[in-house]
Amino acid sequence: FAVLKVNDRSRAESAQQEAERLAALLKLSSEEAVLQAHEFALQLTAGGYEFLRLDKDTWKLLQDDELLRPRRLPVGVELSATIEGDIAPQGEGDEQRSRIYVLSSGEMTAFTLERRDAKSHYRLRGEPNGKLVLSEPEAAP
């Protein structure tokens, strides 16, 4: 019989790792877009996020990609976005309005993602030139 105790420090480290993972996956999709000459998109969902690739004229979910597979957020974690100045909805039927496009030219949709839980808050900002900036603007109240 074993007991696993997760303290606040390890939760904070986990939150930071999750924020860093999202930044790394966006960077990877940007590099893949340039190298493969494909367009990608990050799509926010009601409980996580997923990557898509434009195949001919259809956006296809990358379900079988080991790195860019769909991801679920842990319970209690919220991910919100402002895309090109507009708050991105995350409900059924809003998928296209909740996408960050990552282009083969190295450009991407301007966005700010906010990742929050009870103890932490991280902000990931993407600029049209493809630059990504991850910050911890404040502790969550």
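The values are calculated or read from the model by the stated rules, or taken from the named source; none is laboratory data. Note that the structure is a prediction, hence the values are computed from the model and not measured. Here the Cβ is made from the backbone with ideal geometry for all residues, glycine too, and neighbour counts use every protein chain on show. Heads up: the accessible areas ignore ligands, DNA and RNA and are worked out on the full protein's heavy atoms, side chains in. Shrake-Rupley method; radii C 1.70, N 1.55, O 1.52, S 1.80 Å.
You can think of it this way: the chain between LYS56 and ALA37 has 5.6 nm of extra reach, that is 0.36 nm per residue less the Cα-Cα gap. With the highest mean first, a sort of the peptides 101-109, 128-136, 76-84 on other beta-carbon atoms found within 10 angstrom per residue produces 101-109, 76-84, 128-136. Overall, the accessible surface of the range 54-127 at a probe of 1.4 angstrom is composed of carbon and sulfur to the extent of 45 percent. Considering only alpha-carbon pairs that sit under 8 angstrom and 6 or more positions apart, the relative contact order computed for the range 27-98 is 25 percent.
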